[in-house]
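See structure below.
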Amino acid sequence: MAKTGTTTQGLRAAIERSGYYPALVAEAVEAAVGGEPVVSYLVHQETTFDSNEVRRHVTVLVLTGTRFIVSHTDEQAADNTSPSPYATTSTESVKLDQISSVVLSRVVANPESYTPGTLPREVVLTIGWGAVSRIDLEPAACGDPNCDADHGYTGSSTADDLSLRVSEAGDGPDSVRQTLAFAQALSEATAR
């Protein structure tokens, strides 16, 4: 479930409400934020199914006056490297002027009768800052169906550092609203 807000205390409370290793997640996030005031945040817990395992993970996004902080925590089952289950937590701090794109994709039902202000049934927030890019290539062609010349390749490069999907059915309408609010705050902060 996604939670959003604007205070350090609210951030800690949202992490605790997520119920996902709150002491571990909060310590990592608070260390990354340091003494900076929190402008906005989003806590998103997600459960996935991997073969016959249920796996949980949480992503915490924090906006301060100067930085965008992303924290991600995954749990792992015992394996040949560890006899007991374990969790990994990572945080990344990005200066706001390094964010190159904030993309918010909205999925709405019955677009022909859409009314402004209607909540999308799902949103995908994609944030790019140049750490990860995806390149999709395909052979280029000309309009001649009988041409067998090599026209090289064509494609696109997409900033794909973080992508977070939140749906009304899976996460609830409040989570969708909160994701929209965080995306707006981040977009406004990167426009300055």
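The values are calculated or read from the model by the stated rules, or taken from the named source; none is laboratory data. None of these values were measured; they are calculated from a predicted model. When the accessible area is computed, the model is the full protein with side chains, heavy atoms only, and any ligands, DNA or RNA have been set aside. Shrake-Rupley method; radii C 1.70, N 1.55, O 1.52, S 1.80 Å.
Considering only DSSP beta bridges with both partners in the range 1-83, what is the antiparallel share in %, to the nearest 5?
Percent antiparallel among DSSP bridges in the range 1-83 is about 100.
Averaged per residue, what accessible surface does the range 103-157 expose to a 1.4 Å probe, in Å²?
73
Where does helix 8-18 land angle-wise versus the long Cα axis of the chain, in degrees 0 to 90, nearest 10?
80
Give me the percent of accessible area attributable to carbon and sulfur for the range 1-152, probe 1.4 angstrom. Spell out each step's value before the answer.
Working: 4500 of 8880 Å².
After summing per-atom areas, the C and S share lands at 51 percent.
Rounded to the nearest 500 deg cm²/dmol, what is the calculated helix-only ellipticity per residue at 222 nm for the chain, with -39500 (n - 2.57) per DSSP H run of length n ≥ 4?
Helix contribution divided over all residues of the chain: -7500 deg cm²/dmol.
On a full-extension model of 0.36 nm per residue, what is the gain between S82 and Q98, subtracting their alpha-carbon distance, rounded to one decimal in nm?
My answer for the length gained is 2.1 nm.
Could you tell me how many degrees, from 0 to 90 and to the nearest 10, lie between the Cα long axis of helix 173-191 and the main elongation axis, the longest principal axis, of the Cα atoms of the chain?
Helix 173-191 sits roughly 70 degrees off the main axis of the chain.
Give the angle, between 0 and 90 degrees and rounded to the nearest 10, that separates the Cα long axis of helix 22-33 from the longest principal axis of the Cα atoms of the chain.
The helix 22-33 is inclined about 70 degrees to the chain.
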